[in-house]
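Reviewing the structure listed below.
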Amino acid sequence: MSWTPDLTAFGNRLRKNARHWLRWARREDTECFRIYDRDLPEFPLQIDCYGDRAHVQLLHKGRWTDPEALDRYGPDLLDAVAAALTDGDTTRLAAKIRERGRGGEQYAESGQTEGEAFVVREHGLLFEVNLERYLDTGLFLDHRSTRARVRAQAQDTRFLNLFAYTGSFTVHAAAGGARSSLTLDLSNTYTDWARRNLALNGLDRPEHQVFATDVLRWLEGNPRRDESFDLIVLDPPSFSNSKRMDTSFDVQRDHAWLINRTLLRLAPDGLLVFSTNRQGFELHAPEITTGGILEITRKTTPPDFQRHPPHRCWEIRH
């Protein structure tokens, strides 16, 4: 094999990034952030820091699709990451190869070991994460700024979190003074995780309810006359074909229906925050039963995700 990756240049870039983002994170009272995102084309990695550990995802592309390259240079690549970020300790790295997937990928197990759950801080709040067991960690870092916005808007609101994953939006809303919340996700595993996140912050109170349910089926039902919400977060998966759901879901195909059904639950003066990380997504605004749509993606993309913005986000009102 004639190709040899320039690991010295890669390590230097990581150390430079680490100096910058560690200073930034301390100011933000945050210890979870993206430190590298395909900065050098030769190294298509996404690397996130969680406290004193790192979550390393090698995108399955370019020369790294070659098993021989992975076998030969993969260990050296991880050594370079560890040298720059974890004092040379590779046991504090969780390394995965990420391939483009469909259908609830973030909810899938990684096929690795059980993994160790531990607690990290974001804007002064505490969250449980697990870097090994699942493809994702329990905390989507690209929505850090969106969560901060929700926290700032939540005072005295009735809050609804749909497709809630591990409930991080709910924690921020409750910390921001929401008077009640309802958190819904299909997975018992993740709704249990959401309850633990609320408990970590002393927010596991009766007014903050968490249930495992099929969100699409729940939205198909007619809302009770007394059931409306002032602030709603709607962040569905790009695709889902779970065996526990009656039908498949595609956010590009189905988002107008989804938003319209969610608007039935929104109070007259309420705010719906809709987001998707579907690549190439196009909002079908004429099919949505309101003209009060404002894209806020620039405001919800954190500084450490500016290189490759991973989501788009809108505020929707009646």
* Structure fact -> Taking a crude spin-label model, label points 7 Å out from Cα along the C-beta direction, the Arg205 to Ile293 distance in nm is 3.7
* Structure fact -> Longest principal axis of the chain (C-alpha) makes with the long axis of helix 144-153 (C-alpha) an angle, in degrees to the nearest 10, of 30
* Asked: How many lysine pairs in the chain, separated by 8 or more positions in sequence or lying on different chains, have Cα atoms less than 26 Å apart?
  -> 5
* What residues have an amide H closer than 5 Å to that of Phe33, excluding those fewer than 5 places away on the same chain, when H is modeled at 1.01 Å from N in the peptide plane? -> Cys49
* To do: Counting only C-alpha contacts under 8 Å and six or more residues apart, can you give the relative contact order of region 226-318 as a whole percent?
  => 32
* Contact order normalised by residue count of the chain, Cα under 8 Å, 6+ apart, percent -> 13
* With label points built 7 Å along Cα→Cβ from the Cα atoms of Asp6 and Asp226, find their separation and express it in nm. => 6.8
* Structure fact -> Nearest 10, in degrees from 0 to 90: the angle of helix 188-200 to the longest Cα principal axis of the chain is 90
* Structure fact -> In degrees, nearest 10, the alpha-carbon axis of helix 251-263 is tilted away from the dominant principal axis of the alpha carbons of the chain by 40
* Asked: Is it possible to state the helix-based mean residue ellipticity at 222 nm for the chain, with each DSSP H run of 4+ residues giving -39500 (n - 2.57), the sum divided by total residues, to the nearest 500 deg cm²/dmol? What is it?
  -> -9000 deg cm²/dmol
* **HN-Hα J in Hz across region 212-222 - Karplus 6.51, -1.76, 1.60, θ = phi - 60°, x for Gly and Pro** => 8, 7, 6, 4, 5, 5, 4, 5, 5, x, 7
* **Theoretical FRET efficiency, 1/(1+(r/R0)^6), r = Cβ-Cβ of Glu116 and His308, R0 45 Å, to 0.05** => 0.95
* To do: Using amide H atoms built 1.01 Å from N in the peptide plane, name the residues 5+ places from Ile288, or on other chains, whose amide H lies under 5 Å from its own.
  => none
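Computed from the coordinates by the stated procedures, all read-outs in this text should not be read as laboratory data. Just so you know, these numbers come straight off a predicted model, no measurement behind them. Positions of Cβ are generated from backbone atoms using ideal geometry, with glycine treated the same way; all protein chains shown enter the neighbour counts.
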